[in-house]
Amino acid sequence: MGLIQTAPVFGATQDNLDRIAELRRSLGPIDLALTPELSANGYGFAPHRETDLFDSDDPRLEVLASEGVAVGFAERSASGRPFNTYLLPDHLTENRFLQRKLHPVSYAPWNEHLSFQPGTELGTADFRTARIATAICNDMWHPVIPWLAAQNGAEVLVVPVASMEGADPARIRRTWEVILEHAAVLMQCYVVFVNRCGTDSGARFWGGSRVLGPDGNVLAQLGSEPGATVTELDMTALRRLRAEVPVLAEARTDVLAHALGPGRVSPGGQARV
């Protein structure tokens, strides 16, 4: 599996795609290469131009998809407000798996809920010998999302993000370390974190893309500049771990069903007690 860390520019879609293609060529033959959130569009704090939106089967994405490159993009929708979408392609079977961001950030300075509508489903994809789920950036700040992905059989959790440094870069990095290690260890899965880097729309993004094993150890990592790297995931070892330490199988889904059953959830999404 490959990581492609880029520094896309908001609105420069063709240049962004060209840069991804250039880094993909440096990786050689691999099954799948992952890019950051909105890697085709860049990250802005304003609505996207109509010409910068992509259809889910957009020909502009097909060249990368045919080479096994996963891409984040602003997906055109009938409502007029796009989705923040991630395309996971299998270039051998030509299957295409889409995940739409479930939790656009609803507070400043991001205010993504003003530019994007939320997705409604968390999917898993059977990809070669592994089952993969995608949790886009803020979706990982909601612990139920990686848990649901694992309960649905996900063995690899792909986490494309656009994480900026903000006023306290060390705190942001440490927060992500905790989130990623928690998911890897407790969900017993590989976690592939793909952050962007560079400056866009006045914000600085810190990169640090990495792959974590189910023990929480980092198997591969990039720095703060554009780049690419490759690592192998041992699915046999992961399945042996899940069989020997069946944490996921112990999950009391009946407790969750009771807590969130009919009449237990308010319109605002909070459980009534």
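For the residues Ala167, Ala133, the requirement of being in a loop (DSSP other than H, G, I, E, B) and free of Cβ contacts under 8 Å to residues at least 60 places away in the same chain singles out Ala167.
For segment 186-202, the count of residues that are free of Cβ contacts under 8 Å to residues at least 40 places away in the same chain, among the hydroxyl-bearing types (Ser, Thr, Tyr) and either out of contact with any Leu (no Cβ under 6 Å at 6 or more places or on another chain) or surrounded by fewer than 16 Cβ atoms within 10 Å (Cβ to Cβ) (or both) is zero. Sub-8 Å Cβ pairs linking a first residue in segment 234-260 that is among the basic types (Lys, Arg) to a second residue that is outside any helix (DSSP H, G or I) and surrounded by 10 or more Cβ atoms within 10 Å (Cβ to Cβ), at least 6 apart or interchain, are Arg239/Glu155; Arg242/Gln188, ordered by first then second residue. Please tell me if Phe73 is under 22 Å from Phe127 (Cα atoms), open to solvent by 30 Å² or more (accessible area, probe 1.4 Å) and modelled with pLDDT of 95 or more. Answer is no for this residue.
Assess whether Gly227 counts as being more than 16 Å from the chain's Cα centre (by Cα), open to solvent by 40 Å² or more (accessible area, probe 1.4 Å) and among the small types (Gly, Ala, Ser). Explain how you work it out, then say what you get.
Numbers: more than 16 Å from the chain's Cα centre (by Cα): yes; open to solvent by 40 Å² or more (accessible area, probe 1.4 Å): no; among the small types (Gly, Ala, Ser): yes.
Taking the combined requirement at face value, the residue does not satisfy it.
Yes/no matrix, rows are residues, columns are (1) out of contact with any strand residue (DSSP E or B) (no Cβ under 7 Å at 6 or more places or on another chain); (2) open to solvent by 20 Å² or more (accessible area, probe 1.4 Å); (3) among the hydroxyl-bearing types (Ser, Thr, Tyr); (4) closer than 21 Å to Ser115 by Cβ:
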| site | (1), (2), (3), (4) |
| --- | --- |
| Leu3 | no, no, no, no |
| Thr6 | yes, no, yes, yes |
| Val9 | no, yes, no, yes |
| Ile20 | no, no, no, no |
| Leu32 | no, no, no, no |
| Pro36 | no, no, no, yes |
| Gly42 | no, no, no, yes |
| Pro47 | yes, yes, no, yes |
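Would you be able to say whether some residue in segment 127-138 is open to solvent by 30 Å² or more (accessible area, probe 1.4 Å), more than 23 Å from Met1 (Cα to Cα) and modelled with pLDDT of 95 or more?
Filtering segment 127-138 down to residues open to solvent by 30 Å² or more (accessible area, probe 1.4 Å) leaves 128-129, 131.
Then drop every residue that is not more than 23 Å from Met1 (Cα to Cα), which leaves none.
Checked segment 127-138: no residue is open to solvent by 30 Å² or more (accessible area, probe 1.4 Å), more than 23 Å from Met1 (Cα to Cα) and modelled with pLDDT of 95 or more.
Looking only at residues in segment 76-107 that are among the charged types (D, E, K, R) and open to solvent by less than 10 Å² (accessible area, probe 1.4 Å), the one that is modelled with the highest pLDDT is Lys101. Return yes or no: is Gly44 at pLDDT 95 or above and of a type outside the set (D, E, K, R)? Here the answer is no, as Gly44 does not meet what is asked.
The rows are residues; the columns are (1) over 13 Å from Val156 (Cα atoms); (2) buried (at least 19 other Cβ atoms within 10 Å of the Cβ).
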{"site": "Arg173", "(1), (2)": "yes, no"}
{"site": "Gly207", "(1), (2)": "yes, yes"}
{"site": "Leu222", "(1), (2)": "yes, yes"}
{"site": "Met235", "(1), (2)": "no, no"}
{"site": "Arg240", "(1), (2)": "yes, no"}
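Looking at Glu67, Glu121, which is the one that is among the charged types (D, E, K, R), over 27 Å from Thr253 (Cβ atoms) and open to solvent by 20 Å² or more (accessible area, probe 1.4 Å)?
Details: Glu121 fails: over 27 Å from Thr253 (Cβ atoms).
Exactly one of Glu67, Glu121 is among the charged types (D, E, K, R), over 27 Å from Thr253 (Cβ atoms) and open to solvent by 20 Å² or more (accessible area, probe 1.4 Å), namely Glu67.
Of the numbered criteria (1) over 28 Å from Val63 (Cα atoms); (2) in contact (Cβ under 8 Å) with a residue 24 or more places away in the chain; (3) of a type outside the set (A, V, I, L, M), the one Ser106 fails is (2). For Ser26, the criteria (1) without any contact (Cβ under 8 Å) to a residue 24 or more places away in the chain; (2) open to solvent by 20 Å² or more (accessible area, probe 1.4 Å) hold in every case but one, which is (1).
The values are calculated or read from the model by the stated rules, or taken from the named source; none is laboratory data. What you see is a predicted model, and the numbers here were worked out from it, not measured in a lab. Note: ideal-geometry Cβ built from the backbone for every residue, glycine included; neighbour counts use all protein chains shown. What goes into the accessible areas is simple: the full protein's heavy atoms, side chains included, and nothing from ligands, DNA or RNA. Shrake-Rupley method; radii C 1.70, N 1.55, O 1.52, S 1.80 Å.
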